[in-house]
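Read through the structure below, which is laid out as structure tokens, and then see the notes.
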Amino acid sequence: RHLMTVVNDILDLTRIETGQLELLLSQVEITAVCDRAYQQARQLYLMQHNAEQEEGNSAADEARFTLEIEPGLESIVADELRLRQM
């Protein structure tokens, strides 16, 4: 499922670059988008880490995720779906 999502994201990027896909711009709350991306990245890491442990190939160090947003930035005008894809 994850691989299919990545392939679709790449196809969407190609459509944007060739002008075949129009961006839908709106106010986007930065914290909400970043929090969601943070949680997805962490979840993917944990799934991979658990699979490696089951195979006996566990990495010595656990990745550390941090999220810092510039104070005062609340929203931007963007296509939220495409921003999440990035």
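The values are calculated or read from the model by the stated rules, or taken from the named source; none is laboratory data. All figures in this text were calculated on a predicted structure; none of them were measured in a lab. Positions of Cβ are backbone-derived with ideal geometry, glycine not excepted, and every protein chain shown enters the neighbour counts. With ligands, DNA and RNA removed, areas are computed over all heavy atoms of the protein, side chains included. Shrake-Rupley method; radii C 1.70, N 1.55, O 1.52, S 1.80 Å.
Annotations for the structure displayed:
- For Leu21, nonlocal amide neighbours, meaning residues 5 or more places apart or on other chains whose placed amide H falls under 5 Å from its own, are Ile16.
- Only Lys, Arg, Asp and Glu carry charge here, each on its Cβ (+1 for the first two, -1 for the last two); on that basis the chain has a dipole of about 200 debye about its Cα centre.
- The sum of -39500 (n - 2.57) across all DSSP H runs of n ≥ 4, divided by the residue count of the chain, sets its helix-only mean residue ellipticity at 222 nm to -18500 deg cm²/dmol.
- Accessible area per residue for the chain, computed on protein heavy atoms with a 1.4 Å probe, is 83 Å².
- With Cα atoms, 0 to 90° folded angle of helix 2-17 axis to the chain main axis: 30 degrees
- A value for percent of Cα pairs over 21 Å apart was derived from the coordinates, and within the list [x] 22; [y] 49; [z] 33 it appears as [y].
- Dipole magnitude for region 1-44: about 220 debye, using +1 per Lys or Arg Cβ and -1 per Asp or Glu Cβ, origin at the Cα centre.
- Accessible heavy-atom area order of Val6, Val28, highest first, probe of 1.4 Å: Val6, Val28
- Dipole of the chain, positive direction: furthest Cα of Leu46, Asn8, Val77, with charges on the beta-carbon: Asn8
- Note on His2/Ser26: beta-carbon distance plugged into 1/(1 + (r/R0)^6) with R0 of 25 Å gives a FRET efficiency of 0.40.
- Against the chain, whose longest principal axis is taken from its Cα atoms, helix 30-55 shows a tilt of about 30°.
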